[in-house]
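Notes follow once the structure below has been shown.
The values are calculated or read from the model by the stated rules, or taken from the named source; none is laboratory data. Quick caveat: nothing in here was measured; it's all calculated off a predicted structure. Cβ atoms come from the backbone with ideal geometry, glycine included; neighbour counts cover every protein chain shown.
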Amino acid sequence: MSKFLKATVFKFGKVFLEGNFEAPDEHYQTVVDLLDEIDLTPEGAEDLLLGFMHAQDVNQVSEEMGQMALVATVYLLEQGMTELIINADDKQSTEGQLPS
């Protein structure tokens, strides 16, 4: 049976985006086995899902983005999360900024 992660993004105190991420059984263990080889943090997984949700909202999702979202979903499920709440107001935009 698939596992699911519910994600809700708030912006300016209101629901901005919502999504349910599925981790199908046929892929779950494969992704779990790869997690030791991937440098991912809870914040990084959250950012991947936020980016995926934004892309999905404007119909710009690629296959690679879907694969990254699956990895982020399995990572968070393995951390014991089943519901993710993201406050987009806390995310600092780096658009147009050069790395220091």
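Here the stretch 62-99 is the region considered, the condition is being within 15 Å of Phe52 (Cα to Cα), out of contact with any strand residue (DSSP E or B) (no Cβ under 7 Å at 6 or more places or on another chain) and among the small types (Gly, Ala, Ser), and the residue that is modelled with the highest pLDDT is Ala72.
If I filter the stretch 1-12 down to residues being modelled with pLDDT of 95 or more and farther than 16 Å from Gly51 by Cα, which single residue comes out as surrounded by the fewest Cβ atoms within 10 Å (Cβ to Cβ)? It comes out as Phe4.
The chain holds helices (runs of 4 or more DSSP H) entirely within its bounds, and those carrying 3 or more residues that are acidic (Asp, Glu) and within 14 Å of the chain's Cα centre (by Cα) map to 42-57. You will find that of Val74, Val31, Val15, Val58, the residue that is surrounded by 12 or more Cβ atoms within 10 Å (Cβ to Cβ), under 26 Å from Asp89 (Cα atoms) and among the β-branched types (Val, Ile, Thr) is Val74 and no other.
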